[in-house]
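The values are calculated or read from the model by the stated rules, or taken from the named source; none is laboratory data. Quick caveat, the model's predicted, so the values are computed rather than measured. A quick note on method: Cβ atoms are made from the backbone with ideal geometry, for glycine too, and the neighbour counts reach across all protein chains shown. Calculation scope for accessible area: heavy atoms of the full protein, side chains included, ligands and nucleic acids excluded. Shrake-Rupley method; radii C 1.70, N 1.55, O 1.52, S 1.80 Å.
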Amino acid sequence: MQEKYFYMDAETGQMLLAQVKKMTASKRGIDRRVFLIGEYAILATNHLKLRNVITRDDDLKYFDEIIHALKRMQEQKIGVVPILGYCYEENSADGEGYIFQQRAKGQEMYDDAMLAPYQVWTQNRPEGAYLSTNKSPSESAAYIATRTREISLVPQEHFDKLISDMLCVLNENILIDCFGKSNFFYDAVEGFQLIDLDSHDDYKYGLTQEKPDIEIIAAICAFVPCHYAVGTKRFAPCALDEGAIAKIGKENLRVLQEANPIIFEKCRLALENNGIPRDKMNQIIREIKVYGD
């Protein structure tokens, strides 16, 4: 096992690794499982040497660069969660191993496992959904309504900082995964935090000569706190399926329909408050359809 520690000592890393091997994962994603131990989150992955799914990073030079950038941004009070170190099996083709992170403050902005049964992408192949929850349908329904109301009450300055932080991350050529709402955490004191930041954009890797417009990308990512409706051109698989969401009950549906447009307006205002040009903002707004709007 190859080990590399940046912002934690080797003894702590090895102790966490020993505990993880005896644990059941707290969360899982497409190719990762997450183990939570105290102030640490340990991610088990089979693709440590791959950036943005397909780009080889066999010497992990790009990954190391991201690790240093995240720590630098955290020290500048930008809402990112730093990577503390990693380890991997030397002979594994794509890098089977573990990533050690500082645990994010607060809770997931939304729990994707709770949302998945109501989203378009799971309707035609529910057996293929990689997310699962032990909550009952009624608990999931109540969670969606309650959490949406809670996010609608987040102060505007926290939405403003989310966009500001996104722009800082994008300026480092680091990708933000906005398909998963669990890639964002919210804490009443810290505000929003971004996790799962482990790849650069294609421009950084020389796969395109076109430099990304970070203002456009920020405008696309800005509405991740909202729920999308069927017909949205952006994040269409994540839209709430009309038939599925109708089953959450009349009261939960009322809360969702009232709270979601409030979140949308706070996201829109945050873009405006961060100086995103109106033409770029309106271009993206025309491409999204928000549930309840």
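Of note:
- Hey, K233 of a type in the set (K, R), surrounded by fewer than 20 Cβ atoms within 10 Å (Cβ to Cβ) and under 23 Å from the mean Cα position of the chain (by Cα) or not: yes
- Checked against (1) in contact (Cβ under 8 Å) with a residue 60 or more places away in the chain; (2) under 29 Å from V53 (Cα atoms); (3) among the polar types (S, T, N, Q), N260 passes all but a single condition, namely (2).
- Whichever residue in region 1-30 is without any contact (Cβ under 8 Å) to a residue 12 or more places away in the chain, of a type outside the set (A, V, I, L, M, F, W, C) and farther than 12 Å from L84 by Cβ and, among such residues, is most open to solvent (accessible area, probe 1.4 Å): K22
- Qualifying positions in region 259-279 - surrounded by 17 or more Cβ atoms within 10 Å (Cβ to Cβ) and not aliphatic (A, V, I, L, M): N260, F264, K266, C267, R268, N274
- Failed condition for N91, given (1) free of Cβ contacts under 8 Å to residues at least 40 places away in the same chain; (2) in a strand (DSSP E or B): (2)
- Some residue of region 81-90 being closer than 30 Å to E150 by Cα, at pLDDT 95 or above and either of a type in the set (S, T, Y) or surrounded by fewer than 16 Cβ atoms within 10 Å (Cβ to Cβ) (or both): no
Residue by residue, here is whether (1) in contact with a Cys (Cβ under 7 Å, 6 or more places away or on another chain); (2) open to solvent by 10 Å² or more (accessible area, probe 1.4 Å); (3) at pLDDT 95 or above; (4) not small (G, A, S) holds:
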| site | (1), (2), (3), (4) |
| --- | --- |
| P117 | no, yes, no, yes |
| R125 | no, yes, no, yes |
| T133 | no, yes, no, yes |
| S138 | no, yes, no, no |
| I144 | no, no, yes, yes |
| E157 | no, yes, yes, yes |
| M166 | yes, no, yes, yes |
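- Picking from residues in region 83-101 that are of a type in the set (A, V, I, L, M, F, W, C) and touching a strand residue (DSSP E or B) at 6+ places or on another chain (Cβ under 9 Å), the one that is nearest to D9 (Cα to Cα) is L84.
- Residue selected from region 182-198 under the condition within 27 Å of T55 (Cβ to Cβ) and open to solvent by less than 10 Å² (accessible area, probe 1.4 Å), by the criterion farthest from the chain's Cα centre (by Cα): L197
- Residue within region 218-235 that is among the charged types (D, E, K, R) and out of contact with any Pro (no Cβ under 7 Å at 6 or more places or on another chain) present: yes
- Taken across region 238-258, residues that are of a type outside the set (V, I, T), surrounded by 22 or more Cβ atoms within 10 Å (Cβ to Cβ) and in contact with an Asp or Glu (Cβ under 8 Å, 6 or more places away or on another chain) do not occur at all.
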